[in-house]
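Data block below; observations after.
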Amino acid sequence: MDQQTKQEFVRRFGNTDGAFILTRAPGRVNLIGEHTDYNDGFVFPIAIDRYTTILAKARTDTQVRIFSTTQNELTEFSIAGPVAKDSPQWSLYAKGVAEALRQRGLVKNGIDAMVSSTVPIGGGLSSSASFEVATGLAFLTANGKTLDKIELALAAQWAEHNYASMPCGIMDQFISALGEKDHAMLLDCRDLSQRQISMEDADMRIFIANSNVKHKLVEGEYQARRNQCERAVAILRKKFPAVKALRDADLSMLKTCRMDMDPTVFRRARHVISENTRTLQFAEAMASGNWSACGKLMYASHESLRDDYGVSCPELDFLVEIADTVQGVYGARMTGGGFGGSMVAMIQSHAIKELTAVIAQKYPQRFALEATMFSTTAGDGAQVVSS
Ligand code: GLA
């Protein structure tokens, strides 16, 4: 944070006490393993080099004041106090994290804070998870406490469930808290064990194209997918009592239950089961630097999300289609919850220019909309930059 932001902080809050606290947490892009986290499955995300940054100072009372430079809006609440009716949606993440940490006995006092972000909001790159994690770190630091990063991720997920009404899995908060530079993380969402796999290659890049669409009913659709997965598990269990989650089933088990299942539920389960297999295969391919094999799995993942899981949209399908026509692209797919958001591609660095140009030309022709594009490498997870 530059001097100007600090001056603005003092001007805005009149708080000149104590040291500035600076925390940041990255957004993420999931390379593969979509809609598997809440099925006890595997995900394979990276933290990106885009961050939510919090400049804060501790307070000696329970009041919290946060100014969002992205929303140009101030929110105020008291730790342990009720949520004000007119609270902006974004402030609920901060309120929820404060409450999760208060319940753990870690946070008593409030903060004054300014938040800014380079993670595109609503682009399917976990701007909210990065905000939750960065705010959590600011609250902890201001209260002289530290917390294991896994616990911090769980506190952030709790906030999302209980304050933002989003029944998300653990992937976004987890990678934002625990990402590692130049590594992708194979996360087992059942026991939260991780394997960091190096993806360092001077010539390979992760390319992101934000479709800049967000179709309505996303939360409802997300919950609906969760319910369908649960229905599939209930049916599978009748024949295979050891199945606790779709993670425990394979395709041959699923096939034996086909007649007992609604065809939509069958397709949803087929996506999750096949996606888990693809994710493990992807991790192996990446560990041996086999980018073409990774790319093929990305296209297969996209098809499965589009046809079986029903969470893609014409804009994302088109972006993936375009990517597939460019030489030097290993693979591409939609990333995140779906119904809009971003496409992710693995690409040779020399091909970035062409892919950018082709999307910039063709996407607006089809949808009267521009895509926002950038390339990234895997960055570090959340940190207290200074305090
Ligand atoms: C959203 C959720 C994650 C995960 C993805 C789909 O990003 O927050 O927990 O379920 O969708 O993979």
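Numbers for the structure displayed
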quantity	calculated
Residue match in region 32-50 (condition: over 30 Å from residue 248 (Cβ atoms), assigned to a loop (DSSP other than H, G, I, E, B) and touching a Lys or Arg at 6+ places or on another chain (Cβ under 6 Å))	no
From the options 376, 372, residue that is closer than 22 Å to residue 180 by Cβ, out of contact with any Ser or Thr (no Cβ under 7 Å at 6 or more places or on another chain) and of a type in the set (S, T, N, Q)	376
Subset of region 46-92 that is hydroxyl-bearing (Ser, Thr, Tyr) and within 23 Å of residue 176 (Cα to Cα) - its residue that is surrounded by the fewest Cβ atoms within 10 Å (Cβ to Cβ)	69
Region 206-231 - residue that is among the β-branched types (Val, Ile, Thr) and within 16 Å of the chain's Cα centre (by Cα) and, of those, modelled with the lowest pLDDT	218
Strands (runs of 3 or more DSSP E) (entirely within region 275-387) containing at least 1 residues that are at pLDDT 95 or above and among the small types (Gly, Ala, Ser)	329-335, 340-348, 372-376
Count of residues meeting criterion [within 20 Å of residue 215 (Cα to Cα) and either without any contact (Cβ under 8 Å) to a residue 24 or more places away in the chain or away from the ligand (no atom under 13 Å from the Cβ) (or both)] in region 120-147	2
Pairs where the first residue, in region 152-172, is in contact (Cβ under 8 Å) with a residue 40 or more places away in the chain and of a type in the set (Phe, Trp, Tyr) and the second is surrounded by fewer than 21 Cβ atoms within 10 Å (Cβ to Cβ) and not in a helix (DSSP H, G or I), C-beta under 8 Å, 6+ apart	163/83
Yes/no for residue 296 being more than 16 Å from the ligand (Cβ to nearest atom) and buried (at least 16 other Cβ atoms within 10 Å of the Cβ)	yes
Long-range neighbours under 8 Å by Cβ, at least six apart or interchain, first residue within 17 Å of residue 225 (Cβ to Cβ) and basic (Lys, Arg) within region 27-46, second within 9 Å of the ligand (Cβ to nearest atom) and modelled with pLDDT of 95 or more	none
Residues being surrounded by fewer than 19 Cβ atoms within 10 Å (Cβ to Cβ), in contact (Cβ under 8 Å) with a residue 12 or more places away in the chain and either part of a loop (DSSP other than H, G, I, E, B) or within 14 Å of the ligand (Cβ to nearest atom) (or both) - total across region 176-193	5
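The values are calculated or read from the model by the stated rules, or taken from the named source; none is laboratory data. Since we're looking at a predicted model, the values are computed, not measured. Neighbour counts are summed over all protein chains in view; Cβ atoms, including those assigned to glycine, are modelled from backbone coordinates with ideal geometry.
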